[in-house]
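Colleague: Once you've had a glance at the structure underneath, I'll fire off some questions.
The values are calculated or read from the model by the stated rules, or taken from the named source; none is laboratory data. Small disclaimer: the values here were computed from a predicted structure and weren't measured. Ideal geometry is used to build each Cβ from the backbone, glycine not excepted, and the neighbour counts take in all protein chains shown. Note: accessible area is taken over every heavy atom of the protein model, side chains too, but ligands, DNA and RNA are not part of it. Shrake-Rupley method; radii C 1.70, N 1.55, O 1.52, S 1.80 Å.
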Amino acid sequence: MVVKSTARRRKIAPGVPPPAGDDVAGLIARAQTFSPAPANPDLLAAMAGIAAGVCVYTATGVVTLANRRFLEAFGLTDDLVIQGATWPEMMADLPVTNTGLALEALTRLTCPGRTEQTLADGRTLCITRSPVEGGGWVDTVGDITDERSTLAAAAYRARHDALTGLPNRTVLMERMQEALRLAQRGELSAALCLDLDRFKAVNDRLGHAIGDKVLEAVGERLRNQLRGTDTAARLGGDEFAMIQGRIRSPREAQTIAQRIVADLSRPYQIGAHEIRIGASVGIEMIDGSELNPANILRNADLALYRAKSAGGGDVTFYEPAMQMRLDERHRLEAQLREAIRDDSLILHYQPQVDLRSGQILGFEALVRWQHPTRGLLEPVEFIHVAEEIGVIRQLGVRVLDLACLEAAGWSRPVSVSVNMSSSQFADDGIVYDVASALQRSGLTPARLILEVTESILTSNSPAALALLGRLKALGVRISLDNLGVGPSFVSYAPRDVFDIVKIDQSILAMSSGKPGGMDLIEAYAAFCQTLGMSPTIGGVESLAQLARLEPGGCEVGQGFAFARPVPANDVHQLLDSATRL
Ligand code: C2E
Ligand code: MG
């Protein structure tokens with residue numbers, strides 16, 4: 001029965017004492033507790049003081065006691081407390097959206113029981129029903145909105161990438177499991193690993209804040225490319241992955257991947273910067289032949305590695321031969337670590353010649369690896385591997401030590417130039433390494449030239465320049481190698497950092513044989529001289545090239561025209577021979 005009688009309805013204003021002799025005796029309005037029937041004042045006071053909403057019922061569901069917090073929890077007014085009524089009866093005629101929801105929560109509650117209910121205004125309430133002695137029950141209600149939203153946010157964070165909002169690896173692996181189940185039923189899917197080309201340069205040149213904006217934009221473009229059955233995830237850095245569900249054929253997977261690559265390669269406008277990057281994709285089909293999600297991802301990643309090493313911007317499918325190549329690479333890595341430890345690295349030396357007198361002014365030390373089965377390997381085969389697996393510092397220390405020791409034993413005090421990788425400038429260990437090599441060998445510091453490339457100026461310039469300064473303070477000279485390869489940053493460096501600049505051999509190769517071709521070399525030489533650096537020309541392969549070089553331009557030359565790199569033992573012969581190169 002719905003009790004609607006206004007005669008039975010009591011409106012209680014908080015703080016106003018109830019009229020004397022009222023049938024709602026025991027009501028302590030000041031304590032903000034509402035009781036349609038006489039009740040123990042201590043109990044009422046206690047109920048008013050607790051933080052939760054509380055409502056006490058008789059065995060027949062009639063309300064005997066409720067505190068204000070209980071009413072407030074559901075957004076109800078205090079004129080609701082009606083003697084002899086149940087909550088459904090009291091709330092039945094209230095046009096409040098929350099009331100319906102609250103009522104629903106209360107009616108479906110068992111005793112004992114607990115329910116959570118999110119109301120129309122967004123709050124989430126937790127209602128607990130417990131039996132009371134002698135029949136009846138008590139409902140306790142608490143507002144757990146904050147707790148729930150914190151939990152929901154934590155649950156969201158555990159499954160999504162914070163920067164792009166895309167799902168993370170956990171979700172991807174779940175989707176992969178799902179795709180595997182579907183593959184058992186004959187449904188084809190594809191796993192894609194995706195990596196951005198040239199993204200590192202964006203971070204290095206424009207900073208991480210801009211890099212992050214680019215990643216956000218990439219996430220957005222990926223999201224827009226998704227079909228209903230696809231999942232895209234960010235795995236970290238500039239690595240993304242994707243599951244294409246319900247694919248008809250590998251061809252279709254490839255077409256979609258190519259569309260994504262084209263879309264991600266469109267320029268990005270971030271503030272004032274127009275940024276151009278690319279993307280490469282590796283694909284492994286999920287066709288039931290491979291059952292392990294981790295293997296599928298690894299295969300797609302191997303295909304990606306292949307796509308990237310082919311220059312990027314490519315879509316490549318996994319092939320079993322890639323695994324063989326990877327095994328080979330792992331073998332090479334292990335052998336290289338061993339070679340650095342066991343002194344299987346040796347140095348060849350190529351003379352650097354005074355172009356006017358033909359005198360040998362010094363030698364460039366060029367590392368070689370006496371490989372156990374493949375013979376003498378050139379640096380192109382292993383320097384990048386040493387950089388990638390983080391042993392370049394150890395390799396660099398070996399080369400420095402050996403070059404200084406061997407040069408200290410030469411019959412004439414000519415210079416020795418040692419190539420340095422940019423990654424050797426990641427910390428100030430390089431200063432210690434150079435100082436130790438000089439000390440161990442007893443080589444005069446002025447005879448040591450360190451050849452660095454311009455890439456050390458693009459990443460972390462101030463720190464690299466500071467290190468170069470400390471190295472120069474040891475008395476060694478610094479040569480800027482490979483000028484003309486890539487964009488030039490040398491003019492941004494302080495004037496006294498580089499003593500020597502080596503114009504890259506590609507410039508000479510490009511200029512040779514063209515009318516006015518040597519003008520470019522002369523321009524580079526003049527540019528270096530203006531900045532107070534002595535220009536050397538690399539890659540002089542023929543006397544004809546040499547003859548065309550203007551006197552007064554490059555002072556020093558290096559190349560096959562003078563001598564190819566020779567083993568350490570032959571240096572003595574070159575130095576001792578009276579012949580000028
Ligand atoms: P780089 O510093 O530009 O060294 C010159 C390279 O050009 C050497 O190749 C040399 O053999 C070659 N070369 C010299 N004259 C001519 C010429 O007239 N024509 C042609 N076509 N080539 C010529 P190499 O020895 O294979 O070294 C390649 C690169 O490996 C070096 O280029 C250097 O960047 C790097 N490298 C060599 N040794 C080391 C090292 O100990 N540490 C590090 N980090 N890198 C090294
Ligand atoms: Mg060099």
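Colleague: Which condition number in (1) free of Cβ contacts under 8 Å to residues at least 40 places away in the same chain; (2) open to solvent by 50 Å² or more (accessible area, probe 1.4 Å) is the one that Ser577 fails?
Modeller: Result: Ser577 fails condition (2) only.
Colleague: Within 16 Å of ligand 1 (Cβ to nearest atom) and open to solvent by 30 Å² or more (accessible area, probe 1.4 Å): is that true of Ala544 in this structure? Even if it seems obvious, please write down each step before you answer.
Modeller: On the way: within 16 Å of ligand 1 (Cβ to nearest atom): yes; open to solvent by 30 Å² or more (accessible area, probe 1.4 Å): yes.
So Ala544 fits the description; yes.
Colleague: Next up: Here's a check for you: in the stretch 554-569, which residue that is under 18 Å from Asn482 (Cβ atoms), open to solvent by less than 20 Å² (accessible area, probe 1.4 Å) and assigned to a loop (DSSP other than H, G, I, E, B) is farthest from ligand 1 (Cβ to nearest atom)?
Modeller: By that ranking, first place goes to Cys554.
Colleague: For the stretch 103-208, give me every one of the strands (runs of 3 or more DSSP E) that falls completely inside it and has 3 or more residues that are open to solvent by less than 70 Å² (accessible area, probe 1.4 Å) and touching a Pro at 6+ places or on another chain (Cβ under 9 Å). Quick ask: steps written out before the conclusion?
Modeller: Details: elements: 113-118, 124-131, 137-143, 189-197.
Once the strands (runs of 3 or more DSSP E) in the stretch 103-208 are filtered for at least 3 residues that are open to solvent by less than 70 Å² (accessible area, probe 1.4 Å) and touching a Pro at 6+ places or on another chain (Cβ under 9 Å), what remains is 124-131.
Colleague: Also, I was wondering about something else. Filter the stretch 395-452 for residues that are more than 16 Å from ligand 1 (Cβ to nearest atom) and of a type in the set (Lys, Arg); which is farthest from the chain's Cα centre (by Cα)?
Modeller: Top of the filtered list is Arg412.
Colleague: Can I ask one more? Search the stretch 499-511 for residues that are near ligand 1 (Cβ under 9 Å from one of its atoms) and pair each with any residue that is part of a helix (DSSP H, G or I) and β-branched (Val, Ile, Thr) when their beta-carbon atoms are under 7 Å apart and the residues are at least 6 apart or on different chains.
Modeller: Note: pairs meeting the criteria are Leu508/Ile521.
Colleague: Out of the stretch 526-541, which residues are under 21 Å from Gln350 (Cβ atoms) and either open to solvent by less than 40 Å² (accessible area, probe 1.4 Å) or modelled with pLDDT under 85 (or both)? Write out each step before concluding.
Modeller: Within the stretch 526-541, the first condition is being under 21 Å from Gln350 (Cβ atoms), and the residues that meet it are 528, 533-541.
Within the stretch 526-541, Cys528, Met533, Ser534, Pro535, Thr536, Ile537, Gly538, Gly539, Val540 qualify.
Colleague: OK, next. Please count how many residues of the stretch 228-242 are within 20 Å of the chain's Cα centre (by Cα) and part of a strand (DSSP E or B). I'd like the intermediate steps shown before the answer.
Modeller: First, the residues of the stretch 228-242 that are within 20 Å of the chain's Cα centre (by Cα): 231-242.
Now restrict to residues that are part of a strand (DSSP E or B): 231-236, 239-242.
Residues that pass the stated criteria total 10.
Colleague: Okay, next question. For His371, state whether it is closer than 15 Å to Arg341 by Cα and surrounded by fewer than 18 Cβ atoms within 10 Å (Cβ to Cβ). Break it down stepwise before answering.
Modeller: On the way: closer than 15 Å to Arg341 by Cα: yes; surrounded by fewer than 18 Cβ atoms within 10 Å (Cβ to Cβ): yes.
Criteria met by His371.
Colleague: Among the listed residues Val418, Val399, Val380, identify the single one that is within 30 Å of Asp204 (Cα to Cα), within 16 Å of ligand 2 (Cβ to nearest atom), open to solvent by 20 Å² or more (accessible area, probe 1.4 Å) and not in a loop (DSSP other than H, G, I, E, B).
Modeller: Values: Val418 fails: open to solvent by 20 Å² or more (accessible area, probe 1.4 Å); Val399 fails: open to solvent by 20 Å² or more (accessible area, probe 1.4 Å).
None of the other options fit; the residue is Val380.
Colleague: Pull out all pairs, ordered by first then second residue, where Cβ-Cβ is under 8 Å, the residues are six or more apart or on different chains, the first lies in the stretch 343-363 and is without any contact (Cβ under 8 Å) to a residue 40 or more places away in the chain, and the second is within 11 Å of ligand 1 (Cβ to nearest atom).
Modeller: Ser344/Trp369
Colleague: Condition first: outside any helix (DSSP H, G or I), within 30 Å of Gln558 (Cα to Cα), open to solvent by 20 Å² or more (accessible area, probe 1.4 Å) and within 14 Å of ligand 1 (Cβ to nearest atom). Can you find one or more residues in the stretch 383-393 that meet it?
Modeller: Looking through the stretch 383-393, none of the residues is outside any helix (DSSP H, G or I), within 30 Å of Gln558 (Cα to Cα), open to solvent by 20 Å² or more (accessible area, probe 1.4 Å) and within 14 Å of ligand 1 (Cβ to nearest atom).
Colleague: Can you go through Glu451, Glu406 and tell me which one is within 30 Å of Val202 (Cβ to Cβ) and among the acidic types (Asp, Glu)? So that I can check it myself, show each step before the final result.
Modeller: Numbers: Glu406 fails: within 30 Å of Val202 (Cβ to Cβ).
Only one candidate passes the filter, namely Glu451.
Colleague: To continue, here is another question. Select from the stretch 359-368 the residues that are open to solvent by less than 40 Å² (accessible area, probe 1.4 Å) and within 21 Å of Val452 (Cα to Cα) and write down the one among them that is farthest from ligand 2 (Cβ to nearest atom). It would help to see each step written out before you state the result.
Modeller: To start, the set of residues in the stretch 359-368 that are open to solvent by less than 40 Å² (accessible area, probe 1.4 Å) comprises 360, 362-368.
Imposing the further condition that a residue be within 21 Å of Val452 (Cα to Cα) reduces the set to 362-368.
Numbers: Gly362: 12, Phe363: 11, Glu364: 6, Ala365: 9, Leu366: 8, Val367: 11, Arg368: 14 Å.
Per the criteria, the residue is Arg368.
Colleague: Another question, then. Against the conditions (1) without any contact (Cβ under 8 Å) to a residue 12 or more places away in the chain; (2) within 16 Å of ligand 2 (Cβ to nearest atom); (3) aliphatic (A, V, I, L, M), where does Ala334 fall short? Just the number, please.
Modeller: Of the numbered conditions (1) without any contact (Cβ under 8 Å) to a residue 12 or more places away in the chain; (2) within 16 Å of ligand 2 (Cβ to nearest atom); (3) aliphatic (A, V, I, L, M), the odd one out for Ala334 is (2).
Colleague: Okay, moving on. Quick check on my filter: what residues within the stretch 295-322 are touching a residue at least 24 places away in the same chain (Cβ under 8 Å), open to solvent by 40 Å² or more (accessible area, probe 1.4 Å) and part of a helix (DSSP H, G or I)?
Modeller: Listed by number, the residues that qualify are Asp301, Arg306, Lys308.
Colleague: A further question on this structure: Does Arg356 satisfy the criteria of being surrounded by fewer than 18 Cβ atoms within 10 Å (Cβ to Cβ), in contact with a Pro (Cβ under 9 Å, 6 or more places away or on another chain) and at pLDDT below 95?
Modeller: Numbers: surrounded by fewer than 18 Cβ atoms within 10 Å (Cβ to Cβ): yes; in contact with a Pro (Cβ under 9 Å, 6 or more places away or on another chain): yes; at pLDDT below 95: yes.
Yes.
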